[in-house]
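Trainee: Structure provided below as structure tokens; questions to follow.
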């Protein structure tokens, strides 16, 4: 536990935000599972084809909302973990903004109209930019410290 004492106490919030994102990810995966049953898209098929399934676009929008969140997860986690060492409270706030925006990104995408993903979901990009700033600040502090 020697390394834990070097972290600021508020870093616990960073850890909790990361767990919150895991719960969001589980919820999205359950939504994809429900869509598989509803639109009859069975494993191992990742995406439905319109020639075989009249509801392909609806299913694919649900699937794509989750898939995009999975694609962005490593970036989000890395920025939270590193930036949160120097700026745990700022990263916590930005992480919460990112999670809320991801929820609405997914809900909007799941409507079947991909444009709906960006109504509130676009704010996740601002959160990522803020997290990048925190991580850059951390890196500079290590180099100059």
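The values are calculated or read from the model by the stated rules, or taken from the named source; none is laboratory data. Fair warning: this is a prediction, and the values are worked out from it, not measured in the lab. Note that each Cβ is placed from the backbone with ideal geometry, even for glycine, and that neighbours are counted across all protein chains shown.
Trainee: Among the numbered criteria (1) within 18 Å of residue 98 (Cβ to Cβ); (2) surrounded by fewer than 19 Cβ atoms within 10 Å (Cβ to Cβ); (3) within 16 Å of the chain's Cα centre (by Cα), which single criterion is violated by residue 31?
Mentor: Looking at each condition in turn, residue 31 falls short on (1).
Trainee: Being closer than 22 Å to residue 128 by Cβ, part of a helix (DSSP H, G or I) and either in contact with a strand residue (DSSP E or B) (Cβ under 8 Å, 6 or more places away or on another chain) or modelled with pLDDT of 95 or more (or both) narrows it down to one of 15, 35, so name that one.
Mentor: 15
Trainee: Return the residues of the range 38-55 that are surrounded by fewer than 17 Cβ atoms within 10 Å (Cβ to Cβ) and part of a helix (DSSP H, G or I); say none if nothing qualifies.
Mentor: Listed by number, the list holds a single entry, 38.
Trainee: For the range 124-141, how many residues are over 21 Å from residue 31 (Cβ atoms), surrounded by 13 or more Cβ atoms within 10 Å (Cβ to Cβ) and touching a helix residue (DSSP H, G or I) at 6+ places or on another chain (Cβ under 7 Å)?
Mentor: Residues in the range 124-141 being over 21 Å from residue 31 (Cβ atoms), surrounded by 13 or more Cβ atoms within 10 Å (Cβ to Cβ) and touching a helix residue (DSSP H, G or I) at 6+ places or on another chain (Cβ under 7 Å): 9 in total.
Trainee: Which is under 26 Å from residue 126 (Cβ atoms), within 20 Å of the chain's Cα centre (by Cα) and not in a helix (DSSP H, G or I), of 75, 111?
Mentor: So the residue among 75, 111 that is under 26 Å from residue 126 (Cβ atoms), within 20 Å of the chain's Cα centre (by Cα) and not in a helix (DSSP H, G or I) is 111.
Trainee: Only residues in the range 113-138 that are under 18 Å from residue 17 (Cα atoms) count as the first member; pair them with residues that are part of a loop (DSSP other than H, G, I, E, B) and modelled with pLDDT of 95 or more, Cβ under 8 angstrom, at least 6 apart or cross-chain, and list the lot.
Mentor: Close Cβ pairs (under 8 Å, with a partner that is part of a loop (DSSP other than H, G, I, E, B) and modelled with pLDDT of 95 or more) amount to 134/87.
Trainee: Determine, yes or no, whether residue 21 is closer than 26 Å to residue 115 by Cα and surrounded by 15 or more Cβ atoms within 10 Å (Cβ to Cβ).
Mentor: So residue 21 passes the test.
Trainee: So residue 96 fits all but one of (1) over 22 Å from residue 6 (Cα atoms); (2) surrounded by 19 or more Cβ atoms within 10 Å (Cβ to Cβ); (3) under 14 Å from the mean Cα position of the chain (by Cα); what number is the exception?
Mentor: (2)
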